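What follows is a single structure, written as structure tokens, with notes after it.
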Amino acid sequence: MLSKIGKKVMIFDGAMGTELQHFGLKAGDNPEELNITKKEILCTIHKNYIDSGADFITTNTFGANRYKLSEIKYSLNEVLMAAISNARESSNGKYVMLDIGPLGVLLEPLGTISFDEAYEAFKEIVLIARDHVDGFILETFTDIYELKAGVLAVKENSDKPVFSLMSFDETKRSLTGTTPRIMVEVLEGLGVDVLGVNCSLGPKELEPIVDEILAYSHTPVIVQPNRGLPCICHGETVYNLEVEEFDYYIKKFIQKGVSIIGGCCGTDPSFIKTISKYKNLDVVVLNNPYKTTVTSSTVLVDIENVKICGERLNPTGKKKLKEALINENYDYLVLEGIKQEKAGAHLLDLNVGLPKIDEPRIMREALKKIQEVVSLPIQIDSSNIEAIEQGVRYYNGLALINSVNGEYEVMDKIFPIAKKYGCVVLGLTLDNNGVPKTAIERFEIAKRIVNHAAKYGINKNKIIIDTLTLTASAEQGLVMETIKALKLVTEQLGVRTALGVSNVSFGLPKRVLLNKTFLTMAMNNGLNMPIMNPCEEEMMEAIYAYNVLANIDTNSQEYISKIVEGEKELPKSTSLSLFEIIKLGLKDEVKNATLKELESKDAMEVINNVLIKALNEVGVDFDKGRLFLPQLIMSAETTKEAFAVISEKFPKTGSEKGPIIVATVKGDVHDIGKNIVKVILESYGYKVIDLGKDVAIEKVVEAFNKYNPKAIGLSALMTTTVISMEQTILELKKINNMCPIFVGGAVVTKDIAEQIGADYYSKDALEFVEILEKVIG
């Protein structure tokens, strides 16, 4: 299989869910259970796709995991083996790919399950299927962190190929804020065999997303669009995009370099038959340059020109940070990270190395806490191999490892880790003989690092070289050797460079003057990543000025913004207001801040003028793409903590609003969207009655009669359950004085909402609250 992928165009099959609908799948039926109870239907669907020209058959196992199958009578093993048997029986020798979808539950910090729990759930699937399939396809993921857990589960427990696909909306972001390019960087780093996009959008809407993937990928790309957007016709969910228009865009995708094509929701064998004419065409080769890139889940940083790595999360010489690490006071680390982000850092160095602490565990926990709030990429800085591996495994994004040096023993420990997780590595120009005196000797060590990395399959774009800053007070004559080495590495090795700038002034007066002069000299000789304190205003100004004079800052826009208009430094942790704490999502700080506010304000004033105001600002930032779902959820959860404090101190304020009933409709076991709505509603002070997922119509009616809600919110993710949503609404509308009914979910549109009789449609949780506030006051 892999010998052909990326060379000749290959064809995947089309939709499974909508085909099952055509064969009589009804709302409430479990699609995966049909592998056992309706074997002949599954075999027919698979055979129809093979007869239409598909090279790959996807098993009917998208929802087959321990979380989604908990309520059926068959075991996960029985479902998986039946599905594989059906596909293999019908495949006529074509490739059988085990389909793995999202688990249907959110990972921490957004949800309740840990990265390890997600990994184990995926591993369970892989261990059952690995000897019976030709490969694995992980598709329709909207959380890159969950997808990372899935990819690792496949690669660590199987030698079969792994295809990995995400879904994006029209903003070119996933649900949790990942861009197509970040997806490419993370998945290529993990070593997937094929990457791409499927579902959520039709081919026309996917084109800009496909273009971005193709602009950066060095890995074969797969695209599986929906058949446009769904609508309701005569009580059924249908897709109206004609096969000719679908084919038009598929042809464009292939001409641009897509290797594998197929269909998602709404497509059927006729669509696959039409596009099968492209099978075995030569694939357009992607000749994208390799860039030195690090990412979080939402922010990508190209290490080019000058990018600032904040140094304030390294305990060397920092008494308060040492105390925070010893006491596991992660709030202190988070606040230091926030300050550096606000000050203009592009990424942050994190070092937790202190004597007598469990560095691997502290590194893992510190990363988790910082990434809950701070969006910047992280440089994982340690001499402890286990701490590095723990860090890069649990990191959400593509990390930078600090560091290796010219000793082969060190490189042979770090490079396998870097290769496995796709990390960038910082290389120090020293070895067991110490720091060389001359620039040429340091250059030779840099070359040794680059050449040895290549033996592990690590390209030089994954290496950053630090030519090491020595103190002018002790080794004045060697300062210029650092600069000369920097220039040699830049010009002759063509790799990115870094320096710990402030070391140069140690032991001398007016340190900032020396630091910024040295920084300017270094930038002029190729320095890309100064490791420095971004809160030092003069240092930052030197960078802004350099970018103007070096023609990097076009029209001096950043210089004018930063120097003339200026930016306010984030207050110290002791002076953070409740408003700021809500916006930043600092749950552990909110209780004391709320109590302090209540000393001078009554409860309703705090709710309306602080909590709601802060949440509204967060909502504006979310709508404008300045922050994403993880930050939104953290702010919402923090607000809930504040409400809890207020309700305890003033139990009779009458501040709680509602109640509001929320439910995922019958037949649909996906409740991520509904859970997000619940959190946001509660953060605005609403009492929420959560009926859960796969909720029968009579249970919704019963809940209305019991709780007399102000509104009902219904969610659906699957096209097959939109009909169930319509039937639920019909029953509710029979009741006199029915409250407003809201609908939402991945497959629901404003048109569908009108067609099925809903009163209101909301595209996301914030819009739900916005409309709700207007409707019920």
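Values as computed for the structure displayed
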read-out	value
Structure-based [θ]222 nm, the chain - -39500 (n - 2.57) summed over DSSP H runs of at least 4, per residue, nearest 500	-13500 deg cm²/dmol
Accessible-area composition of the chain, carbon plus sulfur, in percent [1.4 Å probe]	48
Label-to-label distance, nm, for residues given as residue 1 and residue 730 (7 Å Cα→Cβ offset)	4.2
Size-normalised alpha-carbon gyration radius of region 70-153, reference 2.2 N^0.38 Å	1.16
Charged-residue dipole, Cβ positions (Lys, Arg, Asp, Glu), region 115-176 about Cα centre, Debye nearest 20	220
In region 67-124, GluC sites (Glu not before Pro) in a DSSP loop with at most 13 other beta-carbon atoms within 10 Å	71
Cβ-Cβ FRET estimate between residue 252 and residue 37, R0 fixed at 35 Å, reported to 0.05	0.30
Among 663, 93, 64 - extreme Cα towards positive end, dipole of the chain, charges at beta-carbon	93
Across 318/591; 368/587; 47/273, pairs whose alpha-carbon gap is larger than 18 Å	318/591
Proximal aspartates and glutamates to residue 26, defined as alpha-carbon separation beneath 20 angstrom and excluding residues fewer than eight positions away on the same chain	40, 71, 236, 268, 668, 671, 694, 698, 726, 731
Sequence-distant residues sharing a close amide H with residue 689 (under 5 Å, placed H)	660, 661, 662
Cα-centred dipole magnitude for the chain, charges only on beta-carbon of K, R (+1) and D, E (-1), debye, nearest 20	880
Length added when fully stretched, residue 698-residue 291, from 0.36 nm per residue minus Cα-Cα	140.9 nm
Entries of 256/460; 68/687; 462/510; 148/339 with Cα pairs more than 31 Å apart	462/510
From phi via Karplus (6.51, -1.76, 1.60), per-residue ³J(HN,Hα) for region 437-449 in Hz, x at Gly/Pro	6, 9, 5, 5, 5, 5, 4, 5, 5, 4, 5, 4, 4
Loop GluC sites (Glu not before Pro), region 499-542 (other Cβ atoms within 10 Å of the site Cβ: 14 or fewer; DSSP)	none
Given charges at beta-carbon only (K, R positive; D, E negative), |dipole| of region 579-664 in Debye	120
Shape box of the chain [Cα atoms, principal axes, largest first, Å]	85, 71, 51
Using alpha-carbon coordinates, inclination of helix 144-157 to the longest axis of the chain, degrees	90
Selected from 543, 521, 485, residue furthest toward positive end of dipole (region 473-549; charges at beta carbon)	485
Dimensions (Å) - region 580-724, Cα atoms, principal axes, largest first	51, 37, 21
At R0 = 60 Å, FRET efficiency that the Cβ-Cβ distance of residue 774 and residue 476 yields, to 0.05	0.30
Cα-based helix-to-principal-axis angle, 587-598 vs the chain, degrees rounded to 10	90
Extreme residue, positive dipole direction of region 197-325, given options 270, 249, 299 (C-beta unit charges)	299
Residue-normalised accessible area of the chain, given per residue in Å² at a 1.4 Å probe	40
Loop sites in region 506-544: trypsin sites (Lys or Arg not before Pro), DSSP, at most 11 other Cβ within 10 Å	510
Amide H partners (placed H, <5 Å) of residue 465, local residues excluded	427, 496, 497, 498
Phi-based couplings in Hz for region 396-411 (Karplus 6.51, -1.76, 1.60; Gly and Pro marked x)	9, x, 10, 8, 10, 9, 10, 5, 10, 9, x, 7, 4, 4, 5, 4
Value of relative contact order over the chain, rounded to a whole percent, pairs C-alpha under 8 Å and six or more apart	10
Counted charge near residue 500, where neighbours are those whose Cβ lies closer than 11 Å (Asp, Glu -1; Lys, Arg +1)	-4
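The values are calculated or read from the model by the stated rules, or taken from the named source; none is laboratory data. Being a predicted model, the structure only gives us computed values, none of them experimental. Using ideal geometry, Cβ is built from the backbone for each residue, glycine included, and neighbour counts are taken over all protein chains shown. We work out accessible area using only protein heavy atoms, side chains counted, and drop any ligands, DNA or RNA first. Shrake-Rupley method; radii C 1.70, N 1.55, O 1.52, S 1.80 Å.
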